[in-house]
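The values are calculated or read from the model by the stated rules, or taken from the named source; none is laboratory data. Everything numeric in this text was worked out from a predicted model, so none of it was measured. Methodologically, a virtual Cβ is constructed for each residue, glycine included, from the backbone with ideal geometry; neighbour enumeration extends over all protein chains shown. Remember, those area values only see protein heavy atoms, side chains included, never the ligands or the DNA or RNA. Shrake-Rupley method; radii C 1.70, N 1.55, O 1.52, S 1.80 Å.
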Amino acid sequence: MRHPHVAVLLAVCLSSLAYGGDGTATSNGQAGNRDDEDVLKVFDGQGRYVGPLVSANDSQVVTIIVANGAVIAVPLSRIYNATTNQYSAEQYEWGDILSTSGQYPTPTCGGPPFIDADSPGRPSTTLRVGADATVYIAPDTESSTVTINSMGLPGQCETLGSNPSVPPVLTFEGWAAPESTYSLTQHYPEPLSVHY
């Protein structure tokens, strides 16, 4: 990993998954590990446990899941109600990457989005198009320099450097092609909830 804080975050999340108790009594009559009761957890729309809730930075929360054999961090967002112009206090949905749109190596926002090398866990990018949220998971190999030529969503694409209000072409460390994809909304239906 490139940054020590990412490695620490991942270690804490994985240890809570591997060693967290469920608070029930053990076979010898002693109480189980009560530390697990103090960890906020994410549940899908059918009430199934998804993973622990953790902070990725000052403004974004994520959950840690295993998708296609890779441990990845997936962002959450509060559900927005356009009619009331308010965010839900209790319901969440799968969020986009830490920015609000995908970044693409093509000039037309076509193909899979760029995957940032600095993602916690196995590098991945979550992209929401309408009601579908999909994770693009990087291969377990070294990243390379990728040139970003467009940003947005298909149908709402901005080619970088096309006019003075759009930033110039960008170059980053990452992956332009994912190893696999994983449908979050298919495996873990929304709305999501967060509780102990």
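Would you mind getting me the FRET efficiency between THR145 and HIS187? Use the beta-carbon distance for r and R0 = 45 Å, nearest 0.05. Don't skip to the answer; put the middle values down first.
Working: r = 32 Å, r/R0 = 0.72.
With a Förster radius of 45 Å, E is 0.90.
How much length is gained on full extension from LEU170 to GLN156, taking 0.36 nm per residue of separation minus their Cα-Cα distance? Walk me through the numbers on the way to the answer.
Details: separation 14, 0.36 × 14 = 5.04 nm, distance 1.87 nm.
So the chain would gain 3.2 nm between LEU170 and GLN156.
Computed about the Cα centre, the dipole magnitude for the range 87-196 is approximately 200 debye when only Lys and Arg (+1) and Asp and Glu (-1) carry charge, each at its Cβ.
Once you have the alpha carbon radius of gyration of the range 98-162, what is it after dividing by 2.2 N^0.38 Å, with N set to its residue count?
Details: Rg = 11.8 Å, N = 65, 2.2 N^0.38 = 10.7 Å.
Normalised Cα radius of gyration, the range 98-162: 1.10.
Here's how it looks for SER180: its modeled amide H is under 5 Å from those of ILE137, which are all 5 or more places away or on a different chain.
Between ALA82 and GLN46, the distance separating the two model label sites (each 7 Å from Cα on the Cα→Cβ line) works out to 2.9 nm. Stretching ASN163 away from VAL39 to a fully extended chain increases their span by 39.9 nm, per 0.36 nm per residue minus the current alpha-carbon distance. Measuring between their Cα centroids, the range 40-74 and the range 175-196 lie 9 Å from each other. Per residue, the accessible area of the range 106-180 comes to 49 Å² when a 1.4 Å probe rolls over the protein heavy atoms.
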